[in-house]
Amino acid sequence: MKKDADFGPTMVRLAWHSSGTYDKMTKTGGNGGGTIRFKEELAHGGNAGLDKAVKRLEPIKKRHPDVRRVPIYTGPHTTAWADLIAYVGVVSIETMGGPAIPFAYGRVDEMDPGKVTPDGRLPDADKGDGPGPKTRAGIREVFNRMGFDDQEIVALSGAHALGRCHADASGYVGPWSGTPTLFNNSYFVLLKGLKWTPNDKAAKFQARSIAHWSPYDRYTDPSGNLMMLPSDIALIEDPKFKKYVDVYAKDQKKFFDDFSKAFNKLETLGTSGLTPLNA
């Protein structure tokens, strides 16, 4: 991570997107089968750029074909892509100053690319009305489908303290915070404490780069150095979301506790029979 500031945040994004396809009704998707390694899933719009992240993990996978040879594991099975992707997400968060997150292994990789879920299961930054009702409803639809409530939605959104948006990945550009490799509650502090205004230049860029855009495609702070997505602004314009933003902006320990629980839940959706690490 010292050599590449994008490495840690990108691994968190990979772990998140690998897990964020779960559907509690059909019991499909999620991280359990490691399907995000397939080109069919990497081709989904929300996963743009993550093919590079998977490639960066390939040498690790090759060096440790058997988890019994990896100090962090004990077990009689080969290293699953699903376990590896989930684990690097946890390690990246902790390495960047975040909370300890429970980890359990024993996922079994899906070998059939046909098991890749349909595109469209990940959250959209904007449903065409900025942070309005459609975007808020879209956020809840995606997270409720996985089994998360409003408090968990806001807690997981705190991962936006990390990293930055890249034009080749999402069409958006810029960091959420001034410390993109430090996991803390700055996302909530900044979201609540600064004035965020739509960026017309960003909207024009979006019109050239993606099919769906609105004048609200990106919000900037007074300095012009930081940005928020419409889905971020929705968290302070929706009263049911905002009450949790207020809590986490004031209490980092509470945020860490809630994030750890929510992220662990995210990474284990649809799995069973896992063995807790160091159990």
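Quick notes
- Exposure of Ser260 as accessible area (Å², to 10), given a probe of 1.4 Å and all protein chains: 10
- Nearby lysines by direct alpha-carbon distance to Lys115 (threshold 19 angstrom, same-chain neighbours under 8 apart not counted): Lys24, Lys27, Lys39
- Length gained on full extension, Lys3 to Glu94: 31.0 nm, using 0.36 nm per residue less the C-alpha separation.
- Taking packing as the residue-averaged number of other Cβ atoms within 10 angstrom, the listed peptides 262-270, 146-154 run from highest to lowest as 262-270, 146-154.
- Residue with peak Gaussian network fluctuation, the chain [Cα springs, cutoff 10 Å], from Thr220, Thr78, Thr117: Thr78
- Highest-MSF residue in the chain out of Ala86, Ala234, Ala167 [GNM, Cα springs under 10 Å]: Ala167
- Candidates Lys127, Lys242, Lys254, ranked by Gaussian network fluctuation over the chain, Cα under 10 Å, top entry: Lys254
- Here the accessible area is traced with a 1.4 Å probe on the protein chains. For the stretch 6-276, carbon and sulfur cover 55 percent of it.
- Scattering profile of the chain at q = 0.07, 0.15, 0.17 Å⁻¹ [log10 I(q)/I(0), Debye over alpha-carbon scatterers]: -0.24, -1.16, -1.50
- Efficiency of FRET between Lys115 and Leu277 - r from beta-carbon atoms, R0 22 angstrom, step 0.05: 0.25
- Separation between Cα centres of the stretch 1-47 and the stretch 177-200, rounded to whole Å: 24
- Here the simple spin-label model places points 7 Å from the Cα toward Cβ, and for Ala137 and Arg56 these points are separated by 3.8 nm.
- Pairwise centroid distance, computed over Cα atoms, of the stretch 233-251 with the stretch 145-162, Å: 11
- Summing charges over neighbours of Phe263, with a neighbour being any other residue whose Cβ is under 13 Å away from its Cβ, gives -2 when K and R count +1 and D and E count -1.
- On Cα atoms only, tilt of 133-146 relative to the major axis of the chain in degrees: 10
- The stretch 18-163: Cα Rg divided by the 2.2 N^0.38 Å rule of thumb: 1.11
- Reach of Lys134 by Cα under 15 Å, taken over aspartates and glutamates that are not fewer than 8 positions away in the same chain: Asp124, Asp126, Asp217, Asp232, Glu237, Asp238
- Under 20 Å of direct C-alpha separation, and excluding same-chain neighbours fewer than eight residues apart, Lys52 reaches these aspartates and glutamates: Asp4, Asp6, Glu40, Glu41, Asp83, Asp109, Asp119, Asp168.
The values are calculated or read from the model by the stated rules, or taken from the named source; none is laboratory data. Source: prediction; values computed, not measured. Positions of Cβ are generated from backbone atoms using ideal geometry, with glycine treated the same way; all protein chains shown enter the neighbour counts. Areas reflect the complete protein model, heavy atoms only, side chains present, ligands, DNA and RNA absent. Shrake-Rupley method; radii C 1.70, N 1.55, O 1.52, S 1.80 Å.
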